[in-house]
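Structure, as structure tokens:
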Amino acid sequence: MTTSNSTRSAAWESPAGSTVLLPRTENQALGLARYCIDFLRSPTAAAAGIGLATLDRVEQFHLDSVGCGVSALAHRANAPTVLRREALGTLPPTGSRGGNCFGSARPCAVEKAVAANASAVREWDSNGTNFGYDAAKGRIAGEFGHNDFYPVAVAAAREAGLDGNATLRVMLLIDEIRGRLAEVFALRKYSIDHVHHGAVACAAAFTAAVGGTVDQIESAIGMVVAHYVPFRAIRAGHQLSDSKGASAALSAEVAVMSARRALAGFLGPRDVFRNPLAIYRLNEPCPDGESPFDLELGVSGDAFAIHGMHFKLGLYEHQSAGAIQAIVDACAARPELARDLGRIRAVRVKIYEPAYSIIADPAKRTPTTRQSADHSLPFILAKTLLKACEAATAGHTAGWESLMLLPEDYSDAAIADADVRSLIDRIVIEHGGTEYDALYPDGIPTSVEIEHESLGRLGGGLVRYPLGHARSDADRTATVVALKFERLVAGAVDDPVRLRERLRVAGRTREEIAELYAFPIHGCDPD
């Protein structure tokens, strides 16, 4: 079997820098609190320096997330629009500077602004992804997660009067905590939604960023773990609802609420990672005085989890990226394939678990909602093939640029399209077995073989690191991600290039950070 890979990223392979270990035998909630304070406020930690590659990667993921959010609001996607209206109907409490929703300068309740913005970011399911995997350190729990929580960092910066450089540290802190938790504790095994790791990170980082004490940070973490655990019930059923896309937003909201209550003096449960009735030891029993895992966190250099996180190059469930790459490769190698889709007899896909269970679920062969369509591998591949046909007809070369899936590809008309249905009927997906499973989550192992009446059998090679994956060509990925941003915000803002410049966080004053998201968005609700 041949293998298709892009050039690997050296930074991901061997990040250099210092770390801190929070052992399972100690109070890790208290340890997280001290880590957050040191990371954000300690002159010694600041002097140690974060690698430029790390800071640049935070900027990339943040910009990508805002592009997704702006697009969702401009298309008046339901959940972000509902939550934004709710937020704009509130006022910040006495003593608070309040938060800003995307597209508005009106101050509102911080947790409501966070919920609205995180919902917009997540709605298209097109922003960054992590698989919770660091083989070098033996941390391979493989929990999913996404770069959904930057609005929490911006809200904290607005509340605390932080400049851009400090705001970047808060963003990185959130990604580091949730990314490292994903490596050591697989929430999905217990039917808990992956956004819970983000909620823990947000509660800790927000409280620390606005000046909370060690005890207040621990209380905020304890409240999130004890009171607000989201279950994967939001993902059950044949068709998905707003709750799936808004899960991160609602968890971010309760994280900020917990932080504000802790800052006001509310005392949450302590030592929650070693609490025998909290989700960690309850699901993974271990000796008294221990949690189920050690937790190692980056301090300096490029020793951060963000280097193992992945970009999406359009709207699709990230576990379908290997299959999309296979279609891109096949159409680039044999352009005549895309011009004659009608003569495709079969598209045979082999994929790994858990992708097979999630995006190849038989119920997803007939999606009726966008949330289901973007988690349907048959739909995603059928739509990609149709875009390849359109590109070939227009004389364009097949590539991620021409086959990029965008919001209009998930419209009601697109979902009901007869040509899509015809192709879906010819797509066969099977579990690749242990050979494929063993290659995940290091990669996204997928093969696609196309049987064509005149061209014969095409493809079939194993794809492990599709473009956008942390181990793929970083420069090429950055180029396509930049194009994705421009396409998503086109028509939603007057000048995409100017918006890109505005959203650069490093070097911004506290006044600029406070108004970072207060730019007009065409099409969304007015203030």
Can you spot a residue in the range 97-107 that is out of contact with any strand residue (DSSP E or B) (no Cβ under 8 Å at 6 or more places or on another chain), charged (D, E, K, R), surrounded by 20 or more Cβ atoms within 10 Å (Cβ to Cβ) and modelled with pLDDT of 95 or more? no
If you check Asp340 against the conditions, is it in the same structural domain as Ala355 (by TED's automatic domain parsing), crowded, with 17+ Cβ neighbours inside 10 Å and acidic (Asp, Glu)? no
Go over the candidates Phe131, Phe144 one by one and state the one that is closer than 18 Å to Leu315 by Cβ, touching a strand residue (DSSP E or B) at 6+ places or on another chain (Cβ under 9 Å) and of a type in the set (Phe, Trp, Tyr). Phe144
For Thr90, only one of the following conditions fails: (1) free of Cβ contacts under 8 Å to residues at least 24 places away in the same chain; (2) outside any loop (DSSP other than H, G, I, E, B). What is its number? (2)
Of the residues Asp215, Asp163, Asp242, Asp148, only one is buried (at least 24 other Cβ atoms within 10 Å of the Cβ) and of a type outside the set (Val, Ile, Thr); which? Asp148
Out of the residues in the range 47-69 that are among the aliphatic types (A, V, I, L, M) and more than 18 Å from Arg508 (Cα to Cα), state the one that is surrounded by the most Cβ atoms within 10 Å (Cβ to Cβ). Ala53
Output yes when any residue across the range 310-331 is over 30 Å from Glu183 (Cα atoms), of a type outside the set (A, V, I, L, M, F, W, C) and buried (at least 19 other Cβ atoms within 10 Å of the Cβ), and no when none is. yes
Where Ile358 falls short, out of the listed (1) in a helix (DSSP H, G or I); (2) under 22 Å from Ala470 (Cβ atoms); (3) touching a residue at least 60 places away in the same chain (Cβ under 8 Å): (3)
May I ask you to list the residues in the range 451-490 that are part of a strand (DSSP E or B) and closer than 24 Å to Leu406 by Cα? Val463, Arg464, Tyr465, Ala490
Look at Ala363 and say whether it is modelled with pLDDT of 90 or more, hydrophobic (A, V, I, L, M, F, W, C) and assigned to a helix (DSSP H, G or I). no
Contact list, first residue from the range 506-527 and free of Cβ contacts under 8 Å to residues at least 24 places away in the same chain, second anywhere and surrounded by 15 or more Cβ atoms within 10 Å (Cβ to Cβ) and not charged (D, E, K, R), beta-carbon distance below 9 Å, six or more apart or interchain, is Pro526/Gly103; Pro526/Ser104
Right, Ala259: in a helix (DSSP H, G or I), under 19 Å from Phe149 (Cα atoms) and touching a residue at least 60 places away in the same chain (Cβ under 8 Å) or not? no
Taking the range 237-250 and keeping residues under 20 Å from the mean Cα position of the chain (by Cα) and either on the phi > 0 side of the Ramachandran plot or not hydroxyl-bearing (Ser, Thr, Tyr) (or both) leaves Leu240, Asp242, Lys244, Gly245, Ala246, Ala248, Ala249, Leu250
Here are some residues: Ala470, Ala518. Which one is surrounded by 14 or more Cβ atoms within 10 Å (Cβ to Cβ), at pLDDT 95 or above, more than 30 Å from Val328 (Cβ to Cβ) and not aromatic (Phe, Trp, Tyr)? Ala518
Residue selected from the range 491-505 under the condition outside any loop (DSSP other than H, G, I, E, B) and without any contact (Cβ under 8 Å) to a residue 12 or more places away in the chain, by the criterion surrounded by the most Cβ atoms within 10 Å (Cβ to Cβ): Pro496
So in the range 380-397, with the set limited to residues that are outside any helix (DSSP H, G or I) and without any contact (Cβ under 8 Å) to a residue 60 or more places away in the chain, which one is nearest to Ile358 (Cα to Cα)? His396
Going through the range 392-401 in order, the residues found to be at pLDDT below 95, surrounded by fewer than 20 Cβ atoms within 10 Å (Cβ to Cβ) and not β-branched (Val, Ile, Thr) are Ala394, Gly395, His396, Gly399
Any idea which of (1) in contact with a His (Cβ under 7 Å, 6 or more places away or on another chain); (2) not in a helix (DSSP H, G or I) is the one Arg57 doesn't satisfy? (2)
Got a number for residues in the range 103-123 being over 17 Å from Phe61 (Cβ atoms) and either of a type outside the set (A, V, I, L, M, F, W, C) or not assigned by TED's automatic domain parsing to the domain that holds Tyr150 (or both)? 7
From the residues in the range 432-459 that are aliphatic (A, V, I, L, M) and crowded, with 22+ Cβ neighbours inside 10 Å, which one is nearest to the chain's Cα centre (by Cα)? Ile444
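The values are calculated or read from the model by the stated rules, or taken from the named source; none is laboratory data. Predicted, not measured: the structure shown is a model, and the values here were computed from it. Because the Cβ atoms are built from the backbone with ideal geometry, glycine has one as well, and the counts that use them run over all protein chains shown.
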